[in-house]
Structure formats: C-alpha cells, structure tokens
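Colleague: Here it is: the structure, laid out below.
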Amino acid sequence: MAFSKYALVAALALVTMNNVNGFAPSNNMIARQQARAQQQAFVSLSLSEVDDDVSEGDIDSPDPADIILNVGDLEGEADEADGTEDDGEPPAWYSSQQRMDELRTEYRRHDTDTGSPEYQVAGMTERISYLTKHLKAHPKDFSTRRGLVALVNKRRRLLNYLFKEDSNRYVAVVNGLGIRHKAPSNVPDRSEKYGRFPRQKAVKPHLMK
C-alpha cells in the first residue's frame with residue numbers, strides 16, 4: 001500500500017510531537033519544584049532574621065557571676081582531699097593511716113627501713129586495731145574476718161622471729177605497742193605439743209572431777 005509524501009511527513013511530525021511530550025516534565029513535577037523553591041526561600045529568610053536578632057543583642061548573655069567561682073566554693077573538695085568530712089572530723093581510715101605512718105616511723109631501724117620486723121609489726125598492729133573496730137560494726141563481713149586472722153598469724157610469726165634474733169628489741173616492741181604475745185620456748189608444754197591434734201574420744205562423765 002502506497003502512501004503519499006504529505007501523509008508520511010504528517011505521520012513523522014505526529015510521532016515527534018508525542019516523543020517530546022513524553023520527555024517533558026509533568027505538571028505535578030513542576031508544582032513540586034516550585035514548592036521546594038518556596039520552602040528554601042522561606043528558610044533562608046528565617047535564618048537571616050535570626051542572624052539579625054543575634055547581632056542586635058536581643059538574646060541575654062549569661063551573667064559573669066554565674067560562671068566565675070567565688071572564694072570558698074570548692075572548700076568541700078579541699079576537705080575531701082585532706083581527709084576531712086563535712087562534720088569537721090576526719091574519717092576513721094584517714095586517722096588509722098596517719099597513726100600507722102607514725103608507728104612505722106617510730107619503730108623503724110633507719111630512715112629507709114621498710115622491711116624490718118619492727119616496721120612490719122608496727123603497721124600490722126594498727127591495721128589489726130582498725131579491722132577489729134570495723135568487724136564490731138559489721139559482724140557479717142566474713143572476708144574481712146578472714147583477712148584479720150591471716151594478719152594476726154603473720155604478726156605472730158614475725159614476733160617469734162624477732163624474739164629469736166633480738167630479745168631486747170622484741171620486749172621493747174611488744175611493750176610499746178601493747179601486744180599480747182606469748183614468746184616461744186625451747187621446751188613446749190603439753191598443750192603446745194598435743195594441742196594441734198584432735199581428741200579421739202570424749203572424756204567420760206564419771207572420770208571428770
């Protein structure tokens with residue numbers, strides 16, 4: 001079937017117009033772009049107004065008195081640093097530490113002594129006293145009780161060693177610190193010799209007099 005030249009030209013023009021309309025933006029897209037442009041213009045206008053307000057000084061600046069600390073504002077922190085509580089009395093641990101340092105200084109052999117029996121016994125005695133008071137207030141603190149027993153046993157072994165090495169120094173330390181300690185003897189008595197063994201049989205009532 002033959003078409004005339006004018007019919008073909010008209011058909012090509014119609015197809016070209018349809019393709020152009022297909023790629024052209026729709027009315028909805030144009031409306032969205034216009035709304036977005038208006039929003040951006042409104043935001044930029046609002047920001048410029050805020051900048052003008054800030055530059056004019058409408059927002060009140062903080063009072064310097066609210067920032068600068070006065071004398072005495074940090075007195076509570078200073079008290080905590082030196083071990084003083086709010087009531088003016090130092091805490092128990094702080095007093096114990098001060099007392100421990102004094103005893104160690106008093107019983108040390110020389111200025112750099114940190115391991116002599118006298119130095120260790122002096123520190124342990126104050127520590128034992130502090131833990132004993134703690135256990136009176138907290139009788140169910142079993143871990144502290146276990147540590148206290150271990151500390152007492154260690155102090156006893158140190159005193160036994162000091163007694164063998166220098167009895168005069170041993171007497172001075174025990175009397176000065178008020179320690180109840182039984183010095184070991186060369187000949188153990190019956191209780192020391194057999195006290196560590198459990199009794200095999202209970203004593204019968206008719207034999208107890």
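Colleague: Hey, can you find the accessible area per residue of segment 90-168 for me, probe 1.4 Å, expressed in square angstrom?
Modeller: Counting only protein heavy atoms, the per-residue value for segment 90-168 is 66 Å².
Colleague: Tell me, what % of the accessible area of segment 146-209 is carbon and sulfur with a 1.4 angstrom probe?
Modeller: Within segment 146-209, the accessible surface is 53 percent carbon and sulfur.
Colleague: Same structure, new question: Please work out how much length the chain gains when fully extended from ILE128 to VAL9, using 0.36 nm per residue of separation minus the C-alpha to C-alpha distance, in nm with one decimal.
Modeller: Stretched out fully, the ILE128 to VAL9 stretch lengthens by 31.3 nm.
Colleague: Continuing with the same structure: Efficiency by 1/(1 + (r/R0)^6): what FRET value for ALA137 and TYR94, r their Cβ-Cβ distance, R0 = 22 Å, to the nearest 0.05?
Modeller: So, using R0 = 22 Å, E works out to roughly 0.85.
Colleague: Per 0.36 nm of contour for each residue apart, how much would the distance between VAL187 and ASP166 grow if the chain were fully extended, relative to their Cα-Cα spacing?
Modeller: Extending this stretch completely gives an extra 5.6 nm.
Colleague: I would also like to ask the following. How far apart, in nanometres, would the label points at THR114 and ARG199 be if each is projected 7 angstrom from Cα along the Cα-to-Cβ direction?
Modeller: Once both label points are built, they end up 5.0 nm from each other.
Colleague: Determine the shape class of segment 84-209: with a ≥ b ≥ c the square roots of the Cα gyration tensor eigenvalues, call it rounded for a/c under 1.5, and otherwise prolate if a/b is greater than b/c, oblate otherwise.
Modeller: Oblate, because a/c is 1.5 or more while a/b does not exceed b/c.
Colleague: So, counting K/R as plus one and D/E as minus one, what does the shell of residues with Cβ under 13 Å around SER185 add up to?
Modeller: Result for the neighbourhood of SER185: +2.
The values are calculated or read from the model by the stated rules, or taken from the named source; none is laboratory data. Please read all numbers here as calculations on a predicted model, not as lab measurements. Cβ: placed from backbone, ideal geometry, glycine included. Neighbour counts: every protein chain shown. With ligands, DNA and RNA removed, areas are computed over all heavy atoms of the protein, side chains included. Shrake-Rupley method; radii C 1.70, N 1.55, O 1.52, S 1.80 Å.
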